[in-house]
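The values are calculated or read from the model by the stated rules, or taken from the named source; none is laboratory data. Source: prediction; values computed, not measured. Every residue, glycine among them, receives a Cβ derived from its backbone with ideal geometry; neighbour counts consider all protein chains shown. The accessibility values were calculated without ligands, DNA or RNA, using every heavy atom of the protein model including side chains. Shrake-Rupley method; radii C 1.70, N 1.55, O 1.52, S 1.80 Å.
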Amino acid sequence: VGDWSVEIDPRRVDEEKLLFYKNCGVNRISFGVQDFDKKVQERINRIQPSEMLENLLTKKIRETYPAFNFDLLVGLPGQTTKSISETMDRVVELKPTQLQTMMMHYKPNTRKYMINMLRDGPLPDFYDRKILYKILDDKLIKAGYKRTGYESYALPGDPIEKSYNEKKTLYASLGSQKGEATNFVAVGSSGHGSLGNEYYSQNFYEQNLYRDALDANKFPIHKGIKLDKNDKIRRDVVKTLRTYFEIDFKEFEAKFNIDFKHYFKKSFENLKEHLKDGLITIDENKLKITELGFQFSSVICHAFDDKN
């Protein structure tokens, strides 16, 4: 049957609506929490106290959705070591079975509303963000959560944790997924979706263009791409590195009928600096990301981009 997930804005649902989703076939829900600190919520214009989630997660809802996710963002305006520590304490109390934690991407050129986030001060810088994420990570690990990929966590016994132990979990743009995530329906401006194993689409960023397309009974798609075999191989390498932080060359050679080191000859050249810095190790059969390199895994993966 697979998983049918819905992203939930906790301000716009109640128990009845969540149960209705279940009747429609939904078996996993994901709440956009972002942060529980009131000052942070005011700066991102998203007021949703933790009590709102507590009231939604009734006994009946937890029984209906034994696996549910919280999305958290690190690097939001106004976040401090104290605020994120208190947010994580509250998250642990509410006990979601899964967590997708992401660094906030500041993109005012495509999301102009983000400019307002700076009206009361700058965003946390690179080093502040790393400190904030370390607090988040320590709190979750101490509470018993297991890392299930880059910036992803799950409680023992959760389907994603089980899938991770079986090496079936894969990293996607929305975090770690139980198996290959091939179909995403993007709703809303700036959303991006996928169809099957080879098509990706990007919705219009501008709300007026998004609305105009819907009014004309058209898909609000700004651009798209169809992957070729090379794209799929490189995508698989990136997903595997971002999930398990290592690559077994022979596994990829058997899967795609390639000579891994020859195919990625240019990539191995680009990896030399990371190797020298101690971010990765490479032997005859495997490439591994070190503990030091964990937070730089996205940069390491750039070496496998066909444009590099």
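Summary of values
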{"quantity": "Test: residue in segment 80-98 that is free of Cβ contacts under 8 Å to residues at least 60 places away in the same chain and in a loop (DSSP other than H, G, I, E, B)", "calculated": "yes"}
{"quantity": "Members of segment 75-95 that are under 16 Å from Glu54 (Cα atoms) and either open to solvent by less than 30 Å² (accessible area, probe 1.4 Å) or touching a His at 6+ places or on another chain (Cβ under 7 Å) (or both)", "calculated": "Thr87, Met88, Val91, Leu94"}
{"quantity": "Residue within segment 127-141 that is of a type in the set (Phe, Trp, Tyr), at pLDDT 90 or above and touching a strand residue (DSSP E or B) at 6+ places or on another chain (Cβ under 8 Å) present", "calculated": "yes"}
{"quantity": "Residue check, Asn55 more than 25 Å from Leu118 (Cα to Cα) and either of a type in the set (S, T, N, Q) or not in a helix (DSSP H, G or I) (or both)", "calculated": "yes"}
{"quantity": "Residue ranges of strands (runs of 3 or more DSSP E) in segment 171-279 with at least 3 members surrounded by fewer than 15 Cβ atoms within 10 Å (Cβ to Cβ)", "calculated": "221-226"}
{"quantity": "Subset of segment 251-285 [more than 19 Å from Leu170 (Cβ to Cβ) and among the basic types (Lys, Arg)]", "calculated": "Lys261, Lys265, Lys266, Lys272, Lys276"}
{"quantity": "Residue in segment 62-73 that is of a type in the set (D, E, K, R), farther than 30 Å from Gly121 by Cα and open to solvent by 10 Å² or more (accessible area, probe 1.4 Å) present", "calculated": "yes"}
{"quantity": "Residue in segment 3-25 that is nearest to Pro49 (Cα to Cα), counting only those that are open to solvent by 50 Å² or more (accessible area, probe 1.4 Å) and in a loop (DSSP other than H, G, I, E, B)", "calculated": "Asp14"}
{"quantity": "When residues of segment 120-134 are limited to those that are over 27 Å from Lys167 (Cα atoms) and out of contact with any Pro (no Cβ under 9 Å at 6 or more places or on another chain), the one surrounded by the most Cβ atoms within 10 Å (Cβ to Cβ)", "calculated": "Arg129"}
{"quantity": "Yes/no for Gln295 being under 24 Å from Lys130 (Cα atoms) and not in a loop (DSSP other than H, G, I, E, B)", "calculated": "yes"}
